[in-house]
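K.L.:
Questions regarding the structure given below will be posed in turn.
Throughout, read-outs are computed from the coordinates displayed, never taken from laboratory work. All of these numbers come straight from a predicted model, not from anything done at the bench. Cβ atoms come from the backbone with ideal geometry, glycine included; neighbour counts cover every protein chain shown.
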Amino acid sequence: MHTVFDLTTRGAGLYEFTADIARWLALSRVQDGVLTLFVQHTSCSLLIQENADPDVQRDLQAFFHRLVPPTTDPAMSYLKHTYEGPDDMPAHIKAAMMPVSLSVPVHAGRMMLGTWQGIYLFEHRNAPHVRHVVAALTGGLGDENELV
């Protein structure tokens with residue numbers, strides 16, 4: 001069973017879509033299995049991260065901006081791929097450093113995330129985009145794989 005989530009971004013930042021996934025899972029008949037998420041782009045990433053304190057998302061974004069600044073920063077003058085702007089190649093570098101796919105166990109029709117964990121699209125480009133995240137759920141219909 002699979003679907004595609006279309007996520008609209010407003011520019012660089014972290015966009016939580018845990019609730020969207022949970023709603024989709026609630027409609028599925030699969031009770032136990034593995035949820036795989038895959039983003040179909042080369043300038044954004046997927047993360048499981050804390051969703052309680054918004055400072056976590058701000059600090060992550062600030063850290064990666066400092067680690068990989070735009071090509072207008074003199075430290076990045078060696079980069080050649082700037083066709084789509086000064087955030088283009090840095091976005092590809094960030095996406096190469098972070099996951100573009102995630103696996104999450106599902107039990108009793110729910111993701112087995114920790115208390116403060118949420119699933120985020122990490123947009124690395126400054127301009128708004130529509131990003132496509134493929135979700136695939138594999139597993140059984142019953143509780144034959146019950147967690148012990």
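K.L.:
What is the sum of charges around GLU50, taking Lys and Arg as +1, Asp and Glu as -1, for the other residues whose C-beta is under 13 Å from the C-beta of GLU50?
P.N.:
-3
K.L.:
Rounded, prolate or oblate: pick one for the range 34-102, where a ≥ b ≥ c are the square roots of the eigenvalues of its C-alpha gyration tensor, a/c under 1.5 means rounded, and failing that, prolate if a/b is larger than b/c, else oblate.
P.N.:
It comes out oblate by the Cα gyration axes.
K.L.:
While we're on this one: Modelled label-to-label distance, LEU67 and ASP55, 7 Å Cα→beta-carbon offset: nm?
P.N.:
2.0 nm
K.L.:
Return the whole-Å distance between the Cα centroid of the range 98-140 and the Cα centroid of the range 1-26.
P.N.:
The distance from the Cα centre of the range 98-140 to that of the range 1-26 comes to 7 Å.
K.L.:
Let me ask something else. Note the full-extension length gain between GLN40 and LEU113 as 0.36 nm times their separation in residues minus their Cα-Cα distance, in nm to one decimal.
P.N.:
Here the answer is 24.0 nm.
K.L.:
Separate question: Please get the size of the charge dipole for the chain, origin at its Cα centre, with Cβ charges of +1 on Lys and Arg and -1 on Asp and Glu, quoted in debye to the nearest 20.
P.N.:
320 debye
K.L.:
Here is a follow-up. So what's the back-of-envelope 222 nm ellipticity for the chain, counting only DSSP H runs of four-plus at -39500 (n - 2.57) apiece and dividing by all residues, rounded to 500?
P.N.:
-7000 deg cm²/dmol
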